[in-house]
Amino acid sequence: MNTDLRFGIEEEYFITELGSRKMTARPSPLAIQACEAALGPFFALEMFQGQIEVASPIFSTVVEAAHYLDEARASLRHALEPHGLGLLSVGSHPLADWRAQCATEQPHFAQLFEDYRLVAQRSVLSGLHVHVEVPSQLDRVQVMNEVLPWTPLLLALSCSSPFWDSAESGYMSYRQTACDEWPRMGIPEYFSDQQAYDSYVGLLMQTGAIKQAGDCWWGVRPAARYPTLELRMTDACPRVDDALCIASFFRLLVAYAIEHVQPGAEYSQNSRWILMENRWRAKRYGVEATFIIEGYDRAFTTEQWMFRAQQILGRTAHEMGVGDVFRQLRRMLAEGSSAHRQLEVFQRTLNAGDDNQAALTAVVDHLLKETAKPSRFVERTLETLNAG
């Protein structure tokens, strides 16, 4: 099997005013220039001026990814601090006012705001995107179909957007709820193979519904610019270790899929209906959700689904040298998602007698600290190897 699938990670960040703890609407050009200088070709602007993105180089191992993301986050923080600004990696900013945010002045973004109007203006959201290469002889859509049923588990673990418009949303991933306002987001339509997918995209382009293949923004998709399968469903993770674990697990899922003679052969319309239900449960309840597993007449807890994942994917993980990913996933489950930690900080601050604004400020402080915390992924992996 192919055990060295290369991959890349994209992280979106909110630029935060350290004084008010709010998302900045217009960072100074000098601050943005400092960020671009810090990351070089791996820096990218986002839809809003108060957001930036790192689009990583290509990695062969999670160790490489850990070192790079640690350095990238640290470099961006050091670039922003002299300007009174901080870096927040999270699905939705607790103190962001979407009405006040300013679009980035580039033709591509201007076209998005022209086409999608209020939906675009409300899309003050940050995601974790992971690209994993798929060998050229394989059908990427069939590989996608093999991977898709697992994606609500990844979403549940990544949930980091419980607040919206300075209030509790009632969702662990309100980001995914807001994403549903857009066309061609969420769960892909049912496509049997790449040819069916290309025909659909071709029709949309021919009829003027979309301008480019990349305007299909589903939670998993065959990337338009790279020979990869791209995960887009997951929220941005404050802890870099959590982002690395999710990236490693997605890479494992792709590796398992390409082992099959006919990947995705068992994925059907019924599978898609179950997937849609599981995604709703994940964005509403996060790791406390229960999930439908095709072929079973009872719901599975997140812990039970994770145990099943290890049973199914364990051999592939061992061959890839990433068997520790399951211990990391259980750590994430035991510690709770970012959404749960944010809500705990919020409630604890309210219980101490502070008001809503102070509680949200405490959540932002918590997120600033988690975003700044270096990875322990490599250290934990070495501990596991030494224990073995």
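The values are calculated or read from the model by the stated rules, or taken from the named source; none is laboratory data. Everything numeric here is computed off the predicted structure, so don't read it as measured data. Ideal geometry is used to build each Cβ from the backbone, glycine not excepted, and the neighbour counts take in all protein chains shown. For accessibility, only protein heavy atoms count, side chains too; no ligands or nucleic acids. Shrake-Rupley method; radii C 1.70, N 1.55, O 1.52, S 1.80 Å.
Overview of results
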quantity	calculated
Translational D in µm²/s for the stretch 80-134 (Stokes-Einstein at 10 °C, 1.306 mPa s, Kirkwood Rh from C-alpha pairs)	117
Sequence-distant residues sharing a close amide H with residue 127 (under 5 Å, placed H)	12, 236
Simple Cβ-charge dipole of the chain, Lys/Arg +1 and Asp/Glu -1, about Cα centre, in debye nearest 20	380
Pair residue 304, residue 60: separation of 7 Å Cα→Cβ label points (nm)	4.2
Computed FRET value (nearest 0.05) for residue 318 with residue 184, which takes r as the C-beta separation and R₀ as 30 Å	0.20
Point-charge dipole on Cβ atoms (K/R +1, D/E -1) for the stretch 38-132, about Cα centre, debye to 20	220
For the stretch 245-312, alpha-carbon Rg and Dmax in angstrom	12.8, 36
Listed residue (229, 287, 359) projecting farthest to the positive dipole end of the chain, Cβ model	359
Cleavage-rule hits, trypsin sites (Lys or Arg not before Pro), the stretch 223-330, DSSP coil, Cβ neighbours within 10 Å at most 15	225, 298
Inter-probe distance in nm under a simple model that places probes 7 Å from Cα toward Cβ, at residue 110 and residue 357	3.7
Listed residues 335, 36, 288, most fluctuating in the chain (Gaussian network, C-alpha, under 10 Å)	335
Whole-percent carbon and sulfur share, accessible surface of the chain, 1.4 Å	51
Lys/Arg +1, Asp/Glu -1 at C-beta; the chain dipole; positive extreme among 112, 91, 39	91
Å³ per residue enclosed by the Cα convex hull of the stretch 237-363	122
Taking all pairs of distinct alpha-carbon atoms in the stretch 66-193, Kirkwood radius in angstrom	17.5
Simple label model, 7 Å out from Cα along Cβ direction - residue 334 to residue 265, nm	3.9
MRE, 222 nm, helices only [DSSP H, n ≥ 4, -39500 (n - 2.57), over the chain, to nearest 500]	-15500 deg cm²/dmol
Linear extension gain, residue 25 paired with residue 78, 0.36 nm per residue minus alpha-carbon span	17.1 nm
Values of log10 I(q)/I(0), in the order q = 0.08, 0.10 Å⁻¹, for the stretch 7-386 under a Debye, Cα-only, solvent-free model	-0.38, -0.61
Restraint check, 22/373; 22/211; 211/369, Cα-Cα greater than 31 Å	22/211; 211/369
